[in-house]
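S.K.: Dropping a structure here in structure tokens format, bear with me for questions.
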Amino acid sequence: MINRERLVSEFLELVQISSLSKKEGAIARRLCQTLEAMGAQVEVDDAGQKVGGETGNVIARFPGTIPSAPPLLLSAHMDTVVPGENVKPIIEGDVVRTDGATVLGGDDKSGVVAILEAVRVLRERQIPHGDLELVFTICEELGLLGAKHLDVSRLRARTGLVLDSDGVDELVTRAPAADRMVFTVHGLEAHAGVCPENGISAIKVAAEAIAAMRLGRIDAETTANLGIIQGGAANNIVPKQVVVRGEARSRNMEKLRAQTEHMRDCFHEAARRHRVTLNGKEIQARVEERIEHDYDLMDLPDDCRIVRLVVRAAKSLGRPCATRPTGGGCDANVLNGKGLQVANLGCGMREIHTVNEWLDLKDLVRTAELVLEIVRLNAQG
């Protein structure tokens, strides 16, 4: 029932609309026009104002034909990562990729078009369904900001799907919580050639902290990374300040707390080892920290309603549908943290966040077919 030609055409059109984070205005306008033409009640919330972007989250509501059916949420994000402007998609057989200068934007426009096509077919074929709520978010790539600023009290649906994962016929049900951290190391500046002993090198303090730190893959559930280091003024000045930014993630909250505390302790212990005495006054290195809980974990049991619904829909289509964990976060993490029950459905994207990104159009069709069947079966309770 899925119209492959229409689906592919819309995907190619949307990936050519530049939509970097905070610059989703053009694609939001395109989606609003499309959704209104499909018969939806459409609104744009104030998330864009809160994050300094061009637009807010796009929210569309399609009334159901079966009032007793539970409302269902379908969501994907509109923004893409850099380099994501002037995308030139190239089709080779069933595979679409770019000319190698940009990402493709299948993350997450494959999710967007799979939702749109499934709803079109649903309404064209007059397939019975419950109320549908579609949410297309902004700034997912900047830290799930659109979802964080989404007022879920405006939604009737308590269960649903985010389409934002690689693979196809796969459902991500477990994803880590994350802490974001910034450590500012304060040393003491001095002339590096004349009197280096009068200074405290913030770079050296930070280096000792990092050398003592467990980073990368900690265990099967936990990872940690330091991604940005900024500091120093000149080659001949003992650096007085270094800023280090990083994160920790885990699907186990106790492990996440332990890893975050370990990273914090490494910095403070390194700082305690560095001091100088000038004019009878002792000066010691110190560390300022800013640690924020970035997003909650997702941990949906296989027997919860949304997981059972997806697995049943896949079985109805004669397909397997494995549930699996991931090490990445997505809007589903935030929505679960706000009291909803939302899983992350694979939508075919491959090698995302790279200029080698590609997508098999057969997978895009399979995703739309599965979404359509999920909505159909949802109406049966």
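The values are calculated or read from the model by the stated rules, or taken from the named source; none is laboratory data. Source: prediction; values computed, not measured. For neighbour counting, all protein chains shown are included, and Cβ atoms are generated from backbone atoms with ideal geometry for every residue, glycine included. Protein only, heavy atoms only, side chains kept; ligands, DNA and RNA dropped before computing areas. Shrake-Rupley method; radii C 1.70, N 1.55, O 1.52, S 1.80 Å.
S.K.: Sequence-distant or interchain residues sharing an amide H contact under 5 Å with Gln341, placed H: which?
M.R.: Thr159, Gly160
S.K.: Count the DSSP beta bridges whose two residues both fall in the chain, then state the antiparallel fraction as a percent rounded to the nearest 5.
M.R.: In the chain, approximately 75 percent of DSSP beta bridges are antiparallel ones.
S.K.: Can you give the charge dipole size of region 177-302 about its Cα centre, rounded to the nearest 20 debye, using +1 on the beta carbon of Lys and Arg and -1 on the beta carbon of Asp and Glu? It would help to have the intermediate numbers written out before the result.
M.R.: Details: 17 positive and 19 negative charges, 111 e Å.
That gives a dipole near 540 debye.
S.K.: For each pair in Lys204/Lys255; Lys109/Lys362; Lys50/Lys88, compute the distance between the two Cα atoms and list the pairs where it is over 24 Å.
M.R.: The pairs that break the limit, which is 24 Å between Cα atoms, are Lys204/Lys255; Lys50/Lys88.
S.K.: Still on this model: Give the Kirkwood hydrodynamic radius (Å, one decimal) of region 227-321, defined as one over the mean of 1/r across all pairs of different Cα atoms.
M.R.: 18.2 Å
S.K.: A further question on this structure: Given labels modelled 7 Å from the Cα in the Cβ direction, how far is it in nm from Glu282 to Val95?
M.R.: 6.4 nm
S.K.: Let me make sure I get this right: for region 1-41, a, b and c are the square roots of the gyration tensor eigenvalues over alpha carbons, sorted descending. Under 1.5 in a/c it's rounded, otherwise prolate if a/b > b/c, else oblate. Which is it?
M.R.: oblate
S.K.: Right, something else. Once the convex hull of the C-alpha atoms of the chain is built, how many Å³ does it hold per residue, rounded to a whole number? Spell out each step's value before the answer.
M.R.: Details: hull volume 57.0 nm³, N = 381.
Once divided by residue count, the hull of the chain is 150 Å³.
S.K.: Which far-off residues, 5 or more places away or on another chain, put their amide H under 5 Å from the one on Ser19, with H placed in the peptide plane?
M.R.: Excluding prolines and chain starts, which carry no amide H, the hits are Thr80.
S.K.: What is region 199-266 by shape, rounded, prolate or oblate, if you read a ≥ b ≥ c off the alpha carbon gyration tensor as root eigenvalues and call it rounded for a/c under 1.5, prolate for a/b larger than b/c, and oblate otherwise?
M.R.: Details: a/c = 3.35, a/b = 2.77, b/c = 1.21.
Note, shape of region 199-266 comes out prolate.
S.K.: So what is the relative contact order of the chain, in percent, for Cα pairs below 8 Å that sit 6 or more residues apart? Intermediate values should be presented prior to the final figure.
M.R.: Numbers: 922 pairs, mean separation 88.0, N = 381.
Value for the chain: 23 percent.
S.K.: Under 1.5 on a/c is rounded, so check that first for region 112-250, then, if it is not, pick prolate when a/b is larger than b/c and oblate when it is not; a ≥ b ≥ c are the square roots of the alpha carbon gyration tensor eigenvalues.
M.R.: The shape class here is prolate.
S.K.: Among the aspartates and glutamates, select those whose C-alpha is under 20 Å from the C-alpha of Lys281, and discard any that sit fewer than 8 residues away in the same chain.
M.R.: Partners within reach: Glu189, Glu197.
S.K.: Mind giving me the FRET efficiency for Ser68 and Gln41? R0 is 30 Å, r the Cβ-Cβ distance, nearest 0.05 is fine.
M.R.: Efficiency for this residue pair is about 0.90.
S.K.: For a quick check: with amide H placed at 1.01 Å from N, whose amide H comes under 5 Å from Ile218's, ignoring anything fewer than 5 positions away on the same chain?
M.R.: When sequence neighbours closer than 5 places are left aside, the close amide H contacts are Thr223, Ala224.
S.K.: So, one more: Taking the alpha carbon gyration tensor of region 1-149, what are the square roots of 5 times its eigenvalues, largest first, to the nearest whole Å?
M.R.: 25, 21, 11
S.K.: Under 16 Å from the 7 Å Cα→Cβ point of His353, by amide nitrogen: which residues of region 149-175?
M.R.: So the set is 164-167, 175.
S.K.: In nm, to one decimal, how far is the modelled label at Arg29 from the one at Met1, with both set 7 Å along Cα→Cβ?
M.R.: The two pseudo-label positions are separated by 3.4 nm.
S.K.: If you stretched the chain out fully between Arg312 and Val152, how much longer would it get, using 0.36 nm times the residue separation minus the C-alpha to C-alpha distance? Don't jump to the answer; show the numbers that get you there.
M.R.: On the way: separation 160, 0.36 × 160 = 57.60 nm, distance 2.67 nm.
Result for the pair: 54.9 nm of gain on full extension.
S.K.: How large is ³J(HN,Hα) for each residue in region 210-227, as worked out from phi by the Karplus curve 6.51 cos²θ - 1.76 cosθ + 1.60 (θ = phi - 60°), to whole Hz, x for Gly and Pro?
M.R.: For region 210-227, the Karplus-derived couplings read 5, 4, 8, 8, 7, 9, x, 7, 7, 7, 4, 10, 10, 9, 8, 8, 10, x Hz, x marking Gly and Pro.
S.K.: Taking θ as phi - 60°, what are the ³J(HN,Hα) couplings along region 321-328 by the Karplus curve (6.51, -1.76, 1.60), each to the nearest whole Hz, with x for Gly and Pro?
M.R.: 8, 7, 9, 8, x, 9, x, x
S.K.: Per the Kirkwood formula on distinct C-alpha pairs, the Rh of region 38-111 is how many angstrom? Present the calculation step by step, with values, prior to reporting the outcome.
M.R.: Details: mean 1/r = 0.0650 Å⁻¹.
Kirkwood radius, region 38-111: 15.4 Å.
S.K.: Then there is this: Any chance you could get the radius of gyration and Dmax over the Cα atoms of region 335-381, in Å?
M.R.: In order Rg, Dmax, the Cα atoms of region 335-381 give 14.3, 42 Å.
S.K.: Tell me, what is the per residue accessible area of the chain in Å², probe radius 1.4 Å?
M.R.: Accessible area per residue: 43 Å².
S.K.: Could you give me the radius of gyration and the Dmax of region 78-170, taking only the C-alpha atoms into account and expressing both in angstrom?
M.R.: Every Cα atom of region 78-170 included, Rg and Dmax give 15.7, 44 Å.
S.K.: Here's something else I'd like to know. Rounded to the nearest 10 Å², what accessible area does Glu197 have for a 1.4 Å probe in the complete protein model?
M.R.: Number for this one is 120 Å².
S.K.: What list of ³J(HN,Hα) couplings, whole Hz, do you get for region 18-28 from phi and the Karplus terms 6.51, -1.76, 1.60, once you set θ to phi - 60° and write x for glycine and proline?
M.R.: With the stated coefficients, region 18-28 comes to 4, 8, 4, 3, 6, 10, 8, x, 5, 6, 5 Hz.
S.K.: In region 228-256, which residues have a backbone nitrogen under 15 Å from the label point lying 7 Å from His293's Cα in the Cα-to-Cβ direction?
M.R.: Counting backbone N atoms under 15 Å from the label point, the list is 248-256.
S.K.: Computed on alpha carbon atoms, what radius of gyration and Dmax characterise region 292-381, expressed in Å?
M.R.: Just the Cα atoms of region 292-381 yield Rg and Dmax of 14.6, 44 Å.
S.K.: Something else now. Expressed as a whole percentage, what fraction of the accessible surface of the chain belongs to carbon and sulfur atoms when a 1.4 Å probe is rolled over the protein heavy atoms?
M.R.: 47 percent
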